[in-house]
């Protein structure tokens, strides 16, 4: 019998679209899931709504304000030592320039191009939810 326990956390991510392209960012190599692309966001803190989480994370990670919208979809993914519930919201971002703290690159890609990027495993199923 295994005595390992898996921690479960909620993570919010933003689905930001301009024209036919979606905003993704690559995590810095030293970060968890380093080198993987993702729909940016972060861990939800206690007593924080998903919307508040995304607004805070974008200020911390990109120094920009976003406007949150409706639910895109969610996915539960089990990594080796943690399970995450990834909740994706449609968002708007007016900024065209920003400062990156947790990422080393960003891209605007079409829905079809998303599958050619090395996305974090939890993010991959979200592609099917995007309308």
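If residue 45 satisfies every condition in (1) in a loop (DSSP other than H, G, I, E, B); (2) touching a strand residue (DSSP E or B) at 6+ places or on another chain (Cβ under 8 Å) but one, which is the exception?
So residue 45 meets the others, but not (2).
Keeping to the stretch 62-93, report how many residues are assigned to a loop (DSSP other than H, G, I, E, B) and either surrounded by 14 or more Cβ atoms within 10 Å (Cβ to Cβ) or without any contact (Cβ under 8 Å) to a residue 12 or more places away in the chain (or both).
Qualifying residue count, the stretch 62-93: 3.
The conditions are (1) under 16 Å from residue 119 (Cβ atoms); (2) at pLDDT 95 or above, and residue 31 fails exactly one of them. Which is it?
Status for residue 31: all satisfied but (2).
Working only within the stretch 101-110, note down all residues that are surrounded by 14 or more Cβ atoms within 10 Å (Cβ to Cβ) and more than 21 Å from residue 126 (Cβ to Cβ).
Step one: filter the stretch 101-110 for residues surrounded by 14 or more Cβ atoms within 10 Å (Cβ to Cβ), giving 102-104, 106-109.
104 - this is the single residue of the stretch 101-110 that is surrounded by 14 or more Cβ atoms within 10 Å (Cβ to Cβ) and more than 21 Å from residue 126 (Cβ to Cβ).
Quick check on this structure: which one of 48, 85 is within 22 Å of residue 9 (Cβ to Cβ) and in contact with a helix residue (DSSP H, G or I) (Cβ under 8 Å, 6 or more places away or on another chain)?
Numbers: 85 fails: in contact with a helix residue (DSSP H, G or I) (Cβ under 8 Å, 6 or more places away or on another chain).
On inspection, the qualifying residue turns out to be 48.
The values are calculated or read from the model by the stated rules, or taken from the named source; none is laboratory data. It should be emphasised that the depicted structure is a prediction, and the values quoted were computed from it without experimental measurement. When we count neighbours, we look across all protein chains shown, and the Cβ atoms used for this are built from the backbone with ideal geometry, even at glycine.
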